[in-house]
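Have a look at the structure below before the remarks.
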Amino acid sequence: MKIWGRINSSNVRKVLWCAEELGLAYEHINAGGAFGLVNEPEYRAMNPNGLIPCLQDGDLIVWESNAIVRYLARQYGQEPFTPVSPADWAQADQWMDWASLSFAGPLRDLVWNMLRCPPEQRSDAEIQRGEKECARLMQLANTALQHQAFLSGKHLGVGDIPLGCIAYAWFSLPVERPALEHLSRWYASLCERPAYQKAVMTAMT
Ligand SMILES: N[C@@H](CCC(=O)N[C@@H](CS)C(=O)NCC(=O)O)C(=O)O
């Protein structure tokens with residue numbers, strides 16, 4: 001199994017963390033950003049979308065981070081990490097897609113302006129916008145975590161993977177964060193997991 005993508009990407013972290021939780025053996029290949037590779041014809045032949053992450057497992061190639069996480073969970077996981085019933089899958093899908101789709105813009109506003117862009121291009125207005133929206137979304141997750149240990153229920157599951165990676169970025173950046181008791185407890189429990197430490201808690205730059 002091969003996984004392409006630079007490790008400071010939240011989308012790549014999802015795939016690496018999932019693979020680590022499942023105890024899978026894989027080869028990791030840096031790609032994207034300063035590593036390039038994504039515009040090479042060989043990479044485009046695999047992933048015409050030209051983004052990271054990308055997975056190869058035997059003859060199968062998958063891109064789109066949530067699709068990769070779902071594939072790994074279905075192919076190699078078991079309950080409680082992998083849901084079984086359509087209803088439990090729907091809950092996991094809900095949190096996975098919500099996290100990815102809702103946070104894509106506001107998290108990018110923060111990461112791009114605080115870590116990646118040339119100083120003269122930094123936009124304080126975008127940082128303020130990202131800060132406000134990320135705080136609003138995290139409040140929503142905090143409420144969901146009031147009565148359950150994980151977004152997936154009593155145990156960690158695929159439904160927690162995308163927000164877990166986004167939360168690492170959010171807690172690592174020098175942004176205003178409201179006090180969110182339940183989200184903080186959930187995040188602290190992720191930080192204790194060896195798989196999370198190895199795959200997610202790496203340098204942001
Ligand atoms: N919806 C896609 C988004 C992928 C994406 O935007 N990847 C970014 C990194 S987070 C990327 O490839 N950027 C270009 C690069 O790093 O060269 C997914 O979840 O996989």
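The values are calculated or read from the model by the stated rules, or taken from the named source; none is laboratory data. Only a predicted model underlies this, so the values are computations on that prediction, with no experimental measurement involved. Positions of Cβ are backbone-derived with ideal geometry, glycine not excepted, and every protein chain shown enters the neighbour counts. Please note that ligands, DNA and RNA were not included when accessible areas were found on the heavy atoms of the full protein model with its side chains. Shrake-Rupley method; radii C 1.70, N 1.55, O 1.52, S 1.80 Å.
Can you tell me the relative contact order of the stretch 39-89? Whole percent, Cα pairs under 8 Å, sequence separation 6 or more. Display every interim value, and only then the final one.
Details: 29 pairs, mean separation 9.7, N = 51.
With pairs under 8 Å counted, the relative contact order is 19 percent.
What do the square roots of 5 times the Cα gyration tensor eigenvalues come to for the stretch 1-113, in whole Å, largest first, as semi-axes of the equivalent ellipsoid?
Values: eigenvalues 110, 71, 28 Å².
Gyration-tensor ellipsoid for the stretch 1-113: 23, 19, 12 Å.
Give me the Kirkwood hydrodynamic radius of the chain, using the inverse of the mean 1/r over all pairs of distinct Cα atoms, in Å to one decimal. Can you show the working numbers first?
Working: mean 1/r = 0.0573 Å⁻¹.
Kirkwood radius, the chain: 17.5 Å.
What accessible area per residue comes out for the chain, rounded to a whole number of Å², with a 1.4 Å probe?
Values: 10090 Å² over 205 residues.
Accessible surface, normalised per residue, equals 49 Å².
Report the extension gain between L60 and Q197 in nm, rounded to one decimal, defined as 0.36 nm multiplied by the number of residues separating them, less their alpha carbon distance.
46.5 nm
For the chain, which whole percent of the accessible surface, found with a 1.4 angstrom probe, sits on carbon and sulfur atoms? Write down the numbers at each step before the final one.
Values: 5210 of 10090 Å².
That fraction is 52 percent.
Leaving ligands, DNA and RNA out of it, work out the accessible area of M201 with a 1.4 Å probe and give it in Å² to the nearest 10.
Number for this one is 70 Å².
Once you charge only the Cβ atoms, +1 for Lys and Arg and -1 for Asp and Glu, what is the size of the charge dipole of the chain about its Cα centre, to the nearest 20 debye?
With only Lys, Arg, Asp and Glu charged at Cβ, the dipole is about 240 debye.
Provide L22, L72 ordered by accessible surface of protein heavy atoms (probe 1.4 Å), highest first.
Numbers: L22 40, L72 0 Å².
Accessible-area ranking of L22, L72, largest first: L22, L72.
Restrict the search to the stretch 107-196; then list the trypsin sites (Lys or Arg not before Pro) that DSSP places in a loop and that have at most 10 other Cβ atoms within 10 Å of their Cβ.
Details: sites: R108, R116, R122, R129, K132, R136, K154, R185; in loops: R122, K154.
For trypsin sites (Lys or Arg not before Pro) across the stretch 107-196 that sit outside H, G, I, E and B with at most 10 neighbouring Cβ atoms in 10 Å, the list reads K154.
Which cross-chain or sequence-distant (5 or more) residues have an amide H under 5 Å from the amide H of I29, H modelled 1.01 Å from N in plane?
Residues meeting the amide H criterion: I3, W4, G5.
Taking the stretch 86-194 as the region of interest, what is the percent of Cα-Cα pairs per 5 angstrom bin, listed from the shortest bin to the one with the maximum distance?
Spelled out per bin, shortest first, that is 2, 12, 23, 23, 18, 11, 6, 3, 1, 0.
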